[in-house]
Every structure is written in C-alpha cells, then in structure tokens.
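Here is the structure we will look at.
The values are calculated or read from the model by the stated rules, or taken from the named source; none is laboratory data. None of these values were measured; they are calculated from a predicted model. A quick note on method: Cβ atoms are made from the backbone with ideal geometry, for glycine too, and the neighbour counts reach across all protein chains shown. Note: areas computed on protein heavy atoms with side chains; ligands, DNA, RNA excluded. Shrake-Rupley method; radii C 1.70, N 1.55, O 1.52, S 1.80 Å.
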Amino acid sequence: WALFHFPEEATGLSMAELYRDSGMRRLEGDLPALLDAEIAAHYSIWEVIATTPGVGLQMKDRLTGLERFVSDTSTSHDVVPLDTMLARIVDYDGVSTFSGIFPSPLPPFAAAAVVTEMKRVFRVRTRPVSLEKLRDPEHQLGLLDVWRSMFDDEDTEALPSVVTAEGDALTFVTDRYDFDTKNKARIIDGLMSIPGADAPPGEEVTSIVLVRQDGVGRTSSRPSVLAVIEFVKSRLEVSTMSIERANASRTLIESALGPLVRYRIREEATAAAAMNPEITPPRPSLAQDKAPSVDELEMMRQFREQYMLDWLDMPIPALGDRTPREAAADKKQHKALDLLLREIENRENRLPIAERSDIHQIRRTLGM
C-alpha cells in the first residue's frame, strides 16, 4: 500500500506514480497497464457473499456497495460467507484479485462496528462512500487503525451477550470422565436410568442425551437439552451450554454411576470466544479419536436446532433483554436482530453442512 499509494511530501505522488510518470518506461507488455490497475486500487471492508473453494469468492464492499468476484485459490478455502475482510482488490483485464489483505477476517458483529465507525468518519449513513474519499491516504490509514483495534483484548466486551433459557451465561462446557471399558454396559444402563435420558437408534450406544422436561425459565413448553454424553474410547465427554447445566449434569451422572467413573477435567469456552475465534482461538475438538456416525451427526443437528427454537423465546441482552420473537415484532429492533442472526449464521457456515442449523427457517419463523 505504501509503495502504490502513500504520497511523497514534495510532489503528493506515490512511489509507483513517480515511477510511472518519470519516463523510465522499462516495463513491457501488460506491466504498464497492471501498474495503473495497482495504483487505482484501494483498501476497503469486503464481506464474503459466497465462496467457491479453489476458485474464488463473491465479495461486496460494505462502504461503497461495489461487488466483485475475486479469483483466488487459497483464501477461498479459508473463509466462509458473512466473514468480512480488510482487503485491497485489483481489477485488471476483466479479472479481480487480492493484492493485500489483513490476515484475519471479522465476524458480522465486529465488522458492523468498523463499518459504523468509518461511515461516521465519512459522514454518511445510508449513502455509499465515494471512491475518491475512500482512496484518500489519511482515510486509508484510519481504516487500518480502526480494523486493528477490533483485535485488542478489550474489544471482546463489545460482542453480544447470549444466555440460556434459564438466563445463565452461554458457556460451552465439556466435563471428562475416565472409566474401565469392561464396565461400559453397566455405565450405559446407569445413564439410561436418569429421567429424560435418550440414545439415538443403533446397535451400539455411542452417545446419550439428557433431556429436561421442567421448562424452567422459558415460555415454551418444549423440553430442553441438559447435556450430550459421548463415549470416546475409555472416556465420557459431557457437553453442556452453561456452568449451571454442567454442574446439574455432573450431579446426576455421579449419582447414577458412583465409582464406575472417575472425574478428570472440565474445559470451558465462552460465547465471546466462540463468536470471535480471531481474538480467542477455539479449543480443539474433544472427540478426534473417532469420526461421528450418521446417527450422532443427526442427533447433534437436532440438538442444535432445538436450541435455536428455544432461543427464539430467550431474553437476549444484545436486544435490550427482549426475546428474538419480541424484537421481530418491533421494526426498531430489526437491525439489531438481523445482525445477531448474521453472527449466528456466520458461525454455522463454519460447520460441516450436515451439522448446520437451518437459520433460514429461523428467519422465516421470525418474518425476517
């Protein structure tokens, strides 16, 4: 960027422009035209609309409204729709390519904060930013500063708060237990004796879901998932969505199994870390020893979809403690609700297709 755009004090021209205008025409063939294309480029905030891995990405400029299909064989593997990139795109001979990108994209919520700040700088609300103003070197440097600020630790506080149906902070918790494999049948019987325990069909039980029927803290009468228990060789891995649910599940499991299992460790990941993996790297998968079966994948998909249905009736701090249904009924809340849905959809896009929740169905339910 500095070589192509930063102005030299005496002339106001960049090094590339000085070279182009100096008469030292050592460039041959297509290179002069390519140099002009580089000089005409600029950084902006580009949202990924769609990806074709190994081919390229459909992008939209959140400031100017321009759209491009960027030919790129590597980045198209690394990002998903609704990721937002700080990128410099060069248009040459009918082809658009990246010529400089910030190494980490932002998810929708953080990206919206950057867009809002830059539109304030440009004094626009709904109108697109003019290319002339966007290309100004001071504005380009300001954009970079604002973008970098989103990767400071303190900015994790700006992420939306999400809670469970009981009003507890959403935290992804996994408790691990060790057991002797010769006792597996007794352990399965013990777990299945817990009220609300269920297992997917199949000859071998590899996972069990604990379902709570009490409807605590919800307006819906649908049952809620308390925990998902997976057998991984000689381990039990119990996944829950809050510290409170994890503690309740631990009490039930240890009461049912007693000395048949030995508690080992707890791992936690906050909702903020899950929403912005660039700020806090995600923990590795806890079940890498074995690929999940088709039944397990379907069970997890149903678990996620059930949670999203319950989520419609949860008070969300990012919506002023309104539920998504209540926000959908208030046009003044539509912008905040849409942004929250985009954040969730962006996270779902990172999952294998078979495991994704149907966010489009959630939008249809909300009339969004």
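Tabulated data for the structure shown
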read-out: Residue match in segment 132-143 (condition: out of contact with any helix residue (DSSP H, G or I) (no Cβ under 8 Å at 6 or more places or on another chain), surrounded by fewer than 16 Cβ atoms within 10 Å (Cβ to Cβ) and at positive phi); value: no
read-out: Selection within segment 67-78 - surrounded by 15 or more Cβ atoms within 10 Å (Cβ to Cβ) and either of a type in the set (Val, Ile, Thr) or touching a residue at least 60 places away in the same chain (Cβ under 8 Å) (or both); value: Val70, Thr75
read-out: Residue count for segment 79-98, restricted to those that are over 25 Å from Leu351 (Cβ atoms) and either among the acidic types (Asp, Glu) or surrounded by fewer than 18 Cβ atoms within 10 Å (Cβ to Cβ) (or both); value: 6
read-out: Segment 164-200, subset closer than 13 Å to Ser242 by Cβ, open to solvent by less than 20 Å² (accessible area, probe 1.4 Å) and outside any loop (DSSP other than H, G, I, E, B), residue modelled with the lowest pLDDT; value: Thr171
read-out: Helices (runs of 4 or more DSSP H) wholly inside segment 1-55 containing at least 2 residues that are surrounded by fewer than 18 Cβ atoms within 10 Å (Cβ to Cβ), without any contact (Cβ under 8 Å) to a residue 24 or more places away in the chain and over 40 Å from the mean Cα position of the chain (by Cα); value: 15-21
read-out: Given (1) open to solvent by 50 Å² or more (accessible area, probe 1.4 Å); (2) of a type outside the set (Lys, Arg); (3) at pLDDT 90 or above, number of the condition Thr126 does not satisfy; value: (3)
read-out: Scope segment 75-131; condition of a type in the set (Lys, Arg) and in a loop (DSSP other than H, G, I, E, B); matching residues; value: Arg123, Arg125, Arg127
read-out: Single residue of segment 342-368 satisfying the filter (touching a Lys or Arg at 6+ places or on another chain (Cβ under 6 Å) and either part of a helix (DSSP H, G or I) or open to solvent by 70 Å² or more (accessible area, probe 1.4 Å) (or both)) that is nearest to Pro81 (Cα to Cα); value: Glu348
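Yes/no per residue for (1) modelled with pLDDT under 85; (2) out of contact with any Ser or Thr (no Cβ under 9 Å at 6 or more places or on another chain); (3) part of a loop (DSSP other than H, G, I, E, B); (4) surrounded by fewer than 15 Cβ atoms within 10 Å (Cβ to Cβ):
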{"residue": "Val238", "(1), (2), (3), (4)": "no, no, no, no"}
{"residue": "Ala246", "(1), (2), (3), (4)": "no, no, no, no"}
{"residue": "Ala256", "(1), (2), (3), (4)": "no, no, no, no"}
{"residue": "Glu267", "(1), (2), (3), (4)": "no, no, no, yes"}
{"residue": "Ile279", "(1), (2), (3), (4)": "yes, no, yes, no"}
{"residue": "Pro282", "(1), (2), (3), (4)": "yes, yes, yes, yes"}
{"residue": "Asp289", "(1), (2), (3), (4)": "yes, yes, yes, yes"}
{"residue": "Glu296", "(1), (2), (3), (4)": "yes, no, no, no"}
{"residue": "Met299", "(1), (2), (3), (4)": "yes, no, no, no"}
